Amino acid sequence: MTVVFWNKKIQGASAEELRKLQLRLLKRQVKRVYENSAFYRRKFKEAGVRPSQIKSLEDVAKLPFTSREELEANFHEVLAVPMSNVATIRMTSGTTGRPLRIAHTKHDVEMVAEASARKLTYHGVRKEDIVQVTASYGLWQGAWSVHWGAEKIGACIIPIGPGDTERQILMIKQLGTTVLYAVTNYHFRILEVAKALGESLRNYNLRIGICVAEKPSKEQISMLEKGFGYEKVAIDYGATEFPGFSVHCEEERDFHHVWADYYLVEVVDPETRELLGEGERGELVITSLQREAFPLIRYLSRDITDYVGFKKCACGMSHPKVGVDIDRTDFMAKIRGVIVYPGHVEAILSGFPGLTGRCQIIVDKRTPKQEATLKVEMSKVPSEVVQKSVKEKLIEEVKNRVGVTFNEVIFVPNGSFEGKFRKTIVIT
Ligand SMILES: [Zn+2]
């Protein structure tokens, strides 16, 4: 397969060239942040580190970590440009009762557009394409990134946003949409509504589907390919805090390439914060290398994944990679000393027929043995005999693959875990 590069110089750069570029950008960014952001200057001073101490890429580990709570609490102090240079603001719900606000200069917006243009071109989107953006506009970043990128490559954009599914289907039919950008679940909602209307979306011009927010399973991807007639389904990974972050590798589908000129990544143990090596799962730590308004220095992303450093990939790029199986530390549960992510359990559930793949983990730390319960959602109600055998197999499978024995498995009806349910509940 040959992929097309939007920016040949950067996307085709060798591992060595990228390492050199990254070091130059890191030194410049650390200096700029130290000089212009009161928040980072204070943190660097407290940690006893000066910009001149950054001499290699590995020296990034000398810098202090930044938490999401700190960014929420210190918006104006983090800013590394005067407010008059801020072009736009994005916001996401906070964890401390305060929203997380992210500022961008015009140049920051241009970098997100560039990263997005690289991504879309790489996935096969061209000037001739019609891109229907069903993600939310407003203060959330998702829709804007793809919008800016599609605009840059000169494609036609339908900025419809979410909802009104019948109208979405009408647009696909009447305007000949070729690329659909949607939250994974919303892709399935569109299929459901089309089916109810007696429409087959395969009959129209759709060729590329981009799934955002949740990673679809392999089975779900083939359902989308069949249902929409897609030639390709790509997964989009990013967050409001780090827009224009990565691109889903066209050859090694288990990885995203991280744009090395925009972001430097490390992976650390989520508890001890000790640096982990390639292939080890831990918390993704992100440093933005060129952002002007709201820089991230060793930002603890709360996302759990693994990474591969600079190495030429079969797709032709040497930008570092992070795994597509991403868990959230927010959902992490520790059961009798073993760390468990709902994502691991969900991966096991997808192998069982009759289950939706969604689950909830409940740990009761008040009991001496820390009783753990797994609630799993059923797509249809099976007989009691089937439930009993699924229950036993499931407990065994989770024990073998995750290393934890659940004391109880409870089946709940489809729809119990809709919306923002808590994937992990720890009773203390
Ligand atoms: Zn690749």
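What to note about this one:
Yes/no per residue for (1) surrounded by fewer than 24 Cβ atoms within 10 Å (Cβ to Cβ); (2) in contact with a Phe, Trp or Tyr (Cβ under 7 Å, 6 or more places away or on another chain):
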| residue | (1), (2) |
| --- | --- |
| Lys106 | yes, no |
| Ala113 | yes, yes |
| Ser116 | no, yes |
| Leu120 | no, no |
| Val125 | no, no |
| Glu128 | yes, no |
| Val133 | no, yes |
| Ser136 | yes, no |
| Ser145 | no, no |
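- Summed over the stretch 235-249, the residues that are out of contact with any Asp or Glu (no Cβ under 8 Å at 6 or more places or on another chain) and either within 16 Å of the ligand (Cβ to nearest atom) or among the charged types (D, E, K, R) (or both) give a count of 8.
- From Glu252, Glu219, Glu231, residue being within 14 Å of the ligand (Cβ to nearest atom), among the charged types (D, E, K, R) and more than 22 Å from Met332 (Cα to Cα): Glu252
- Among the residues of the stretch 156-197, just one is open to solvent by 70 Å² or more (accessible area, probe 1.4 Å) and at positive phi, namely Asp164.
- Single match in Ile235, Ile172, Ile221, Ile190 (criterion: of a type outside the set (Asp, Glu) and in contact with a Leu (Cβ under 7 Å, 6 or more places away or on another chain)): Ile172
- Filter result for the condition that a residue is out of contact with any strand residue (DSSP E or B) (no Cβ under 7 Å at 6 or more places or on another chain) and closer than 30 Å to Ile10 by Cα, over Lys312, Lys369: Lys312
- Top-ranked residue in the stretch 255-280 [being within 26 Å of Phe331 (Cβ to Cβ) and of a type in the set (Gly, Ala, Ser); ranked as nearest to the ligand (Cβ to nearest atom)]: Gly279
- Residue match in the stretch 255-267 (condition: under 22 Å from Glu70 (Cβ atoms) and of a type in the set (Phe, Trp, Tyr)): yes
Yes/no matrix, rows are residues, columns are (1) farther than 30 Å from His248 by Cβ; (2) part of a loop (DSSP other than H, G, I, E, B):
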| residue | (1), (2) |
| --- | --- |
| Val3 | no, yes |
| Ile10 | no, no |
| Leu18 | no, no |
| Leu23 | no, no |
| Val33 | no, no |
| Arg41 | yes, no |
| Lys45 | yes, no |
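- Search result, residues across the stretch 366-392 that are within 24 Å of Arg422 (Cα to Cα), open to solvent by 60 Å² or more (accessible area, probe 1.4 Å) and aliphatic (A, V, I, L, M): Val381
- Candidate set: the stretch 198-210, residues that are open to solvent by 40 Å² or more (accessible area, probe 1.4 Å) and touching a Ser or Thr at 6+ places or on another chain (Cβ under 9 Å); chosen: the one nearest to Lys226 (Cα to Cα): Arg207
The values are calculated or read from the model by the stated rules, or taken from the named source; none is laboratory data. The structure displayed is predicted, hence computed values, not measured ones. Cβ: placed from backbone, ideal geometry, glycine included. Neighbour counts: every protein chain shown. Calculation scope for accessible area: heavy atoms of the full protein, side chains included, ligands and nucleic acids excluded. Shrake-Rupley method; radii C 1.70, N 1.55, O 1.52, S 1.80 Å.
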